[in-house]
Amino acid sequence: MLQLIVKRLVYGFLILNIITVFLFVLIRLIPGDPVRVQLADAAVSQERIDELTAQLGLDRPLWAQLGSWYAGAVRGDFGESFSTGRPVASIIIERLPLTIELTVLAMAVAVTLGIVVGTVSAVRRNSWLDNVLRVGSVIGLSIPNFWLGLLLITFTSIVLRWVPPLSYQGPLENLGQNLAQMLLPAAALGVVLSASIARLTRSSMLEVLGSDFIRTLRAKGASETVVLFQHGLRNSLIPVLTYIGIQIGGLLGGTVILEQIFALPGLGRTVFEAVSSRDYPLLQVCVLLYGAIFIFVNIVVDVSYGWINPRMRRAD
Amino acid sequence: MTRSMRHRTVVTVLTAFLMAISACSSGAGGGNSPEEAGPPKPGGTFTVLMPSDTKTLDPHKESSYNTHERIGLVYSRLLREKISPDLEYGDIQLEGDLAKEWEVSDDGLTYTFRLRDGVRWHDVPPVNGRELVADDVVATFERIRKEGFQAGLLQNVTDIEAPDDHTVVLRLSEPFVPLLNNMANHHMWILPREAIEGEVDLNTKAIGTGPFILERWDRDVATTYRKNPDYYEKDLPYLDRVVFKVVPGQEARVAAFRSGEVQYAAASTPEEADTLRAAVPDARMLEVGSTTAVLLYLNQDRKPFDDLRVRQAISMALHRAQMGKVLWRGGKYPAPVQQLQKYALGQEELKRLQPYDPERAKRLLAEAGYPNGFRTKLMVTSGYGPQYVRQAEWLVEDLAKVGIRVELEVVEYATYFSSRWPGEEYDMGIGPQTPFLEPDEHLRVQLHSDGARNWFNISDPKLDKMLAEQAKVTDPNERAEKIKEIQRYVLTEVVNPINVWDRPVRVFIQPNVQNNNPQPAYGFPELRTTWLAQ
């Protein structure tokens, strides 16, 4: 088990370094110039532009820039944002909690809705309710989450005459307002993801319910509740859990657009703006962080899979 | 995919947030005179939605509208545009802001400004409400000359002095008539000396003499201002508070306007206007000319755009009137200096100078050696919203009718603005004109062969001479005539950038907003006199 974890961590570290270098080169390859973006409206002489470019260190060769980035990074110094001059690390510490909160809330919506719908569908398989839920989840699968977000915001303002409060407040400042602001984006992300969870839960549960040990359980007279929930649901959740873990990456991606739509100052919006303003140092660390979260979640999924399913432990 | 979310500025599909350049470039408001609703009533909060936040509050670092819209309530200038219900949008009349009177010597080489007495800085440490002195103005201008992007506005200035606490004297090496207008430019805010000497972090703080005091700035969330109780104009401002909130999505902005949470919302397309009208049926709609005409610009370093006849043919191929009707549902014939009324050419003349004549366009192309037209590429960015892409598609169709086969190339905003356009890596491009407040700022910078933003490779000795001359004409009317003459020349003999259309910007204002009379300047100067009924 320990060996498995160590091995995964080493791989993860290597992958992170590959991402770092790849990203570093890639963001400098896309056309666009951070200095000119900053001075977009102004008539500035070429000398001034060269001066600012030198100040940002962008006149140095690529390998030298990468070298100093690494030299800083190992000391925990990720540089300063081009556009605001603030340390990248503090921007991220400020922005990350919102994105994590949004992801967790969306996940809660997705898991609750997905598992309930999937279970109901499986238990009442081929009934009209099952058919309705299955059609519903196909629709859910086909809707992009940002589109659902736009529909929700328009719908609630017209029909319910309610709009989420506009100025973001953290959960510690004002929990009620914070949740009101998170409600729609979390729903938009969560509902879309719940569709695939529901389908997976349904098929997995049907498979479990059709297996021999369930027949044995029923034969020895276990109540239907015990059969369905204590044995059926629990066993059918193993693939669902793995799937949920993998989907965290997808959810993080969704936050980039939804934070933009719902005016939430999280990491997603930071990425969006860092791309637009060619803020290389900020973009580098943000994307790297997404990569690290993704890798970390995959390691956790791998390891927990072994933990949930003892057969997997020996296989490694 | 962000397209569906909306727009610009800039920022940019990731460009979505740029869309509202126009939406925010100067805000807008209704021309209700106070008489209609009784005497002004103090109090209330005015909320403005912006598509993106500023990166810094330092007025000399960023030229972005995002920065200057936010600091305009805090700082003052030496001069400013008059705000009045009697002035039309774009009719810019100068009046004193910090300066109470000013004088230009007969040779045009000395400008003397007398400052108002008893103007106090905001009561915020380390300035603590001390009196404004001429030294503050000198320090500000020196910093601009040293490191400000707006240094060009102080062209030819050799000396800045403060002979006493209330007098500022600027000496010039040669006459530069735009200087006076430039003192009212929305980039020329006066800062306290303490700030320039490093006692205030200008990136995050702004202490000025303006009508509102900056209370807090939560990055990417909101900027909050409260009334300056010691503002030098008695009884002003009326509003207790102004809040700028950052809301990137147009849908969220419409929803907030519908709920009455914000006082106004701008529509950059007719469709957005329909949505807003339906959202708040009793809102007032104000149609202001945009400060940013649509430009179709040509790279004269590349063939065949070096040939005037080709450029003329392109302009003649555009069915402007039809396009305005269908695409923008309104608007006007455009000109290089459209939004400054004093220098603007009349609509009839502009129509005559920019005729729709596809037959003559074909003949001109044939004369230039392209009887069968040619192939080329048109660069457009989605960063200004989908409407610009549609606009580009319209032009492609019009040009096809005279044999110019155009391939449309959609690029991301930062690529467009920071690389392809200034790098002159394009055949044709389309985008909005950057707003400006002094014709010289625009004409010389963009059209002169040495202009810092002549990214079109225009090189016309006659035009250069005309551009240099207008800056030396001291009589305002004579100068206005010269500038009109330059525009006629640009529209017929330079024909680059081609002015496509002056699109309308429609602004919706909640019914309770009074005395809100915007002008095309950053910084929301109209909020000084705006008040809320009810």
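What angle, in degrees between 0 and 90 and rounded to the nearest 10, separates the Cα long axis of helix A:2-29 from the longest principal axis of the Cα atoms of chain A?
Tilt of helix A:2-29: around 40 degrees.
For B:498, A:19, A:93, write out the residues from largest to smallest accessible area, computed with a 1.4 angstrom probe and no ligands counted. Display every interim value, and only then the final one.
Numbers: B:498 5, A:19 45, A:93 125 Å².
Most to least solvent-accessible, the answer reads A:93, A:19, B:498.
Charges only on Cβ, +1 for Lys and Arg, -1 for Asp and Glu: so what's the dipole of the stretch A:174-316 about the Cα centre, in debye to the nearest 20? Walk me through the intermediate numbers first.
Numbers: 11 positive and 8 negative charges, 115 e Å.
Rounded to the nearest 20 debye, it is 560 debye.
Please compute the average number of Cβ atoms from other chains found within 10 Å of each residue's Cβ in peptide A:144-155.
Whole-number average of other-chain Cβ neighbours for A:144-155 is 3.
What is the set of long-range amide H partners of residue B:408 at a cut-off below 5 Å, with H atoms built 1.01 Å from backbone N?
B:378
When the label point is put 7 Å from the Cα of residue A:246 along its Cα-to-beta-carbon vector, which residues of the stretch A:1-35 have a backbone N closer than 12 Å?
Answer for this model: none.
Given the -39500 (n - 2.57) contribution per DSSP H run of 4+ residues, what per-residue ellipticity at 222 nm results for the protein assembly as shown, rounded to the nearest 500 deg cm²/dmol?
For the protein assembly as shown, the value works out to -14000 deg cm²/dmol.
Using +1 at the Cβ of each Lys and Arg and -1 at the Cβ of each Asp and Glu in the stretch A:101-276, identify which of A:253, A:197, A:214 lies farthest towards the dipole's positive end.
Checked the options; the winner is A:214.
Can you give the accessible area of residue A:201, probe radius 1.4 Å, in Å² rounded to 10?
0 Å²
I'd like the orientation of helix A:267-276 relative to chain A: the angle between its Cα long axis and the longest Cα principal axis, in ° from 0 to 90, rounded to 10.
40 degrees
How much FRET efficiency would the formula 1/(1 + (r/R0)^6) give for residue B:348 and residue A:131, where r is the Cβ-Cβ distance and R0 is 56 Å, rounded to 0.05?
Working: r = 68 Å, r/R0 = 1.21.
Once the sixth-power term is evaluated, E becomes 0.25.
Set the Förster radius R0 to 51 Å, insert the Cβ-Cβ distance between residue A:183 and residue B:147 as r into 1/(1 + (r/R0)^6), and round the FRET efficiency to 0.05.
For residue A:183 and residue B:147, the calculated efficiency is 0.65.
I want to check the label-to-label distance for residue B:465 and residue A:62. Put each point 7 Å from Cα in the C-beta direction and report it in nm to one decimal.
5.0 nm
For the A and B pair, go ahead and give the buried accessible area with a 1.4 Å probe, both sides summed, in Å² to 100.
Buried: approximately 4000 Å² between B and A.
When the chain is fully extended, how far beyond the present Cα-Cα distance does residue B:105 get from residue B:155, taking 0.36 nm per residue of separation?
On the way: separation 50, 0.36 × 50 = 18.00 nm, distance 1.70 nm.
Full extension of this stretch gives 16.3 nm more.
Please arrange A:11, B:343 by accessible surface area, largest first, computed with a 1.4 Å probe and ligands excluded.
A:11, B:343
Could you give the nm distance between label points at residue B:457 and residue B:95, where each point is 7 Å from its Cα heading toward the beta carbon?
4.9 nm
What are the ³J(HN,Hα) values, in whole Hz, obtained from phi via the Karplus relation 6.51 cos²θ - 1.76 cosθ + 1.60 with θ = phi - 60°, for each residue of the stretch A:32-38 in sequence order, with x given for Gly and Pro?
Result, rounded to whole Hz: x, 9, x, 5, 5, 4, 5.
Which FRET efficiency, nearest 0.05, do residue B:366 and residue B:301 yield, Cβ-Cβ r, R0 30 Å?
The computed FRET efficiency comes out at 0.80.
Would you work out the Kirkwood radius for the stretch B:182-298? I mean one over the mean of 1/r across all pairs of different Cα atoms, in Å.
One over the average 1/r among Cα pairs gives 17.7 Å for the stretch B:182-298.
Rounded to the nearest Å, what's the spacing between the alpha carbon centres of the stretch B:353-367 and the stretch B:167-219? Just the number, please.
Each part reduced to its Cα centre gives a spacing of 49 Å.
Taking the Cα centre of each part, how many Å lie between the stretch B:390-442 and the stretch B:58-119?
33 Å
Quick one: ranking B:170, B:236 by accessible area, 1.4 Å probe, largest first, what do you get? Write out the running numbers ahead of the final one.
Details: B:170 0, B:236 25 Å².
Of B:170, B:236, the descending order of accessible area is B:236, B:170.
Under the 0.36 nm per residue contour assumption, what length would be gained going from the current alpha-carbon distance of residue A:29 and residue A:116 to full extension? Display every interim value, and only then the final one.
Working: separation 87, 0.36 × 87 = 31.32 nm, distance 4.69 nm.
In short, 26.6 nm is gained.
Which residues does the label zone of residue B:230 cover in the stretch B:155-190, counting backbone N under 20 Å from a point 7 Å along Cα→Cβ?
Zone members listed by number: B:165-167, B:190.
Work out from phi, with θ = phi - 60° and the Karplus expression 6.51 cos²θ - 1.76 cosθ + 1.60, the ³J(HN,Hα) of each residue of the stretch B:274-280, listed in order in whole Hz, and give x for Gly and Pro.
Computed from phi, the couplings for the stretch B:274-280 are 4, 4, 5, 5, 5, 5, 10 Hz.
Rolling a 1.4 Å sphere over the protein heavy atoms, what is the accessible area per residue of the stretch A:101-276, to the nearest Å²? Don't jump to the answer; show the numbers that get you there.
On the way: 7750 Å² over 176 residues.
About 44 Å² of surface per residue is accessible.
Can you give me the three principal axis dimensions of chain B from its C-alpha atoms, in Å, biggest first?
72, 57, 41
Heads up, I need the accessible area for residue B:420: 1.4 angstrom probe, whole protein in place, Å², nearest 10.
40 Å²
Two decimals is fine: what is log10 I(q)/I(0) at q = 0.16 Å⁻¹ for the stretch A:101-276, from a Debye sum with one equal scatterer on every Cα and no solvent?
With one equal scatterer per Cα and no solvent, log10 I(q)/I(0) is -0.95.
Roll a 1.4 Å probe over the protein chains and send me the accessible area per residue for the stretch B:71-224 in Å².
That works out to 37 Å² for each residue.
How much accessible surface area, in Å² rounded to 10, belongs to the heavy atoms of residue A:163 with a 1.4 Å probe?
Approximately 20 Å² of residue A:163 is accessible to the 1.4 Å probe.
Leaving ligands, DNA and RNA out of it, report the carbon-plus-sulfur percent of the accessible area of chain A at a 1.4 Å probe.
Numbers: 10520 of 15540 Å².
Carbon-and-sulfur percentage of accessible area, whole number: 68.
Tell me, what ³J(HN,Hα) does each residue in the stretch B:350-367 have, in order and in whole Hz, if you take phi through Karplus 6.51 cos²θ - 1.76 cosθ + 1.60 with θ = phi - 60° and put x for Gly and Pro?
5, 5, 5, 6, 10, x, 9, 8, x, 5, 5, 4, 5, 4, 4, 5, 5, 4
The values are calculated or read from the model by the stated rules, or taken from the named source; none is laboratory data. Just so it is clear, the structure is predicted and the values come from calculations on it, not from any experiment. Heads up, the Cβs are rebuilt from the backbone with ideal geometry, glycines too, and the neighbour counts pull from every protein chain shown. Keep in mind that these areas ignore ligands, DNA and RNA; they rest on the heavy atoms of the full protein, side chains included. Shrake-Rupley method; radii C 1.70, N 1.55, O 1.52, S 1.80 Å.
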